[in-house]
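Below: one structure, written as structure tokens.
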Amino acid sequence: MRRIFFLFVVTLFLAGCTSVHYNTLHEQSDRAPIESLGKILEEISKDKQESKELATLAVTYSKVLANRYDLVSPPSYHNFLVNTGEREKGLCYDFVDDLMVEIRSRHFKSFQFKWGRANADALNEHNVIVVLSKGVPFQDGVVLDAWRHSGKLYFVKVKDDPKYRFREWIEGDKRVAQ
């Protein structure tokens, strides 16, 4: 009886897990998040053009990475697949590494990018990119989190994140600076 119950629970869990694939990387439904993120970024940089460019890049490239990682939703199940060798990449820090490389290749002049880390060395550790401009404290920066919603970019000011308390992780910054 326990075995049947276990199989039933596993089947229900797996039925809730779906493959994520974005056919169109810049679609109509991206317009609102790009505009919203652009306005938030403009508050910290005052550069409307760079804010819009960064917002567009962050929203669309998050989808590129989700496709590249052959992402499965929910993200915690994808982590399980990576940790068991079924998928190569797609952990939160993979998104930070790869998105940071793409962002830095664009040479934005009005922004700085830091590695944000919450719950360091715990099972629920989480990593994100934090966008700042000169003189803006880390807690007023903007979180770019491509992992949390399986390639659909999540963004919020660091101090307003309802789930995580991010701190700057200098070792992470060094990791992607190479």
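The values are calculated or read from the model by the stated rules, or taken from the named source; none is laboratory data. Note that this is a predicted model, so its numbers are computed, not measured. Methodologically, a virtual Cβ is constructed for each residue, glycine included, from the backbone with ideal geometry; neighbour enumeration extends over all protein chains shown.
Here are the numbers for this structure:
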{"quantity": "Hits in region 121-135 - residues which are in contact with a strand residue (DSSP E or B) (Cβ under 8 Å, 6 or more places away or on another chain) and not polar (S, T, N, Q)", "calculated": "E125, H126, V128, I129, V130, V131, L132, K134"}
{"quantity": "Which numbered condition E27 fails, given (1) in contact with a Gly (Cβ under 9 Å, 6 or more places away or on another chain); (2) at pLDDT below 75", "calculated": "(1)"}
{"quantity": "Residues within region 75-103 that are assigned to a loop (DSSP other than H, G, I, E, B) and among the hydroxyl-bearing types (S, T, Y), tallied", "calculated": "1"}
{"quantity": "Residue within region 84-91 that is touching a strand residue (DSSP E or B) at 6+ places or on another chain (Cβ under 7 Å) and either farther than 20 Å from D30 by Cα or crowded, with 16+ Cβ neighbours inside 10 Å (or both) present", "calculated": "no"}
